[in-house]
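Colleague: Can you read through this structure? Questions will come right after.
The values are calculated or read from the model by the stated rules, or taken from the named source; none is laboratory data. Since we're looking at a predicted model, the values are computed, not measured. Using ideal geometry, Cβ is built from the backbone for each residue, glycine included, and neighbour counts are taken over all protein chains shown. The area values use the complete protein model at the heavy-atom level, side chains included, leaving out ligands, DNA and RNA. Shrake-Rupley method; radii C 1.70, N 1.55, O 1.52, S 1.80 Å.
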Amino acid sequence: QEQLVESGGDLVQPGGSLRLSCSTSGFVFSWFTLGWYRQAPGKQRELVGLINTKGVTSMLADSVKGRFTISRDDSKSTLYLQMNNLRPEDTAVYYCKVDTRPWWGQGTQVTVSA
């Protein structure tokens, strides 16, 4: 059974950094494009970015360009989201997902506040 488990969310001050991880199992990780999504309170879930099977970031939301980096380690079946220069508007639950499949993690909370 496919499993995705996010971790690394925390409370951080504006300007700070966090690294989220998404550990996976139950499918061939290297076969799939993977994505990070986020959902802020009262808002719809939005796509943060996608990374393809070659490790190339194929999409990154304008709001995070220059601050967030997506990477993957196929040997560990793990997806990462490095978030720098965090802003209060980045506060959300962050989810990882396998592209073209309805496989989601449970989410990890990121709160950016002074």
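Colleague: Using a Gaussian network model of the chain whose springs link C-alpha atoms within less than 10 Å, name the residue from 44, 13, 82 with the highest mean-square fluctuation.
Modeller: 44
Colleague: For the range 1-90, which GluC sites (Glu not before Pro) are in a loop by DSSP, counting at most 15 other Cβ atoms within 10 Å?
Modeller: Taking the range 1-90 and a limit of 15 other Cβ atoms within 10 Å, the loop GluC sites (Glu not before Pro) found are 2.
Colleague: Restricting to the chain, compute how many DSSP beta bridges are antiparallel as a %, nearest 5.
Modeller: In the chain, DSSP labels about 95 percent of beta bridges as antiparallel.
Colleague: Once you treat every alpha carbon in the chain as an equal point and sum by Debye, what is log10 I(q)/I(0) at q = 0.13, 0.14, 0.22 Å⁻¹?
Modeller: -0.43, -0.50, -1.23
Colleague: Between rounded, prolate and oblate, where does the range 39-93 land on the alpha carbon gyration tensor, with a ≥ b ≥ c its root eigenvalues, rounded for a/c under 1.5, else prolate if a/b exceeds b/c?
Modeller: The shape class here is prolate.
Colleague: Measure off, as a whole percent, the carbon and sulfur share of the 1.4 Å-probe accessible area of the range 37-87, all protein chains present.
Modeller: The C+S portion of the solvent-accessible surface of the range 37-87 is 45 percent.
Colleague: Per residue, what accessible area does the chain have, given a 1.4 Å probe and all protein chains present, in Å²?
Modeller: Value for the chain: 52 Å² per residue.
Colleague: Between the range 1-47 and the range 60-104, how many Å separate their Cα centres?
Modeller: Using only Cα atoms to place each centre, the spacing works out to 5 Å.
Colleague: Just how many pairs of Lys in the range 43-114 have C-alpha atoms closer than 20 Å, counting pairs that are eight or more places apart or on different chains?
Modeller: 6
Colleague: Something else now. Across 10 Å bins from the origin, how do the percents of Cα pairs in the range 12-60 run, short distances first?
Modeller: Over the range 12-60, the share of Cα pairs per 10 Å bin runs 20, 41, 32, 7 percent.
Colleague: Build a GNM of the chain with springs between Cα atoms under 10 Å: which of 45, 101, 19 gets the top mean-square fluctuation?
Modeller: Among 45, 101, 19, the largest mean-square fluctuation in the Gaussian network model of the chain belongs to 101.
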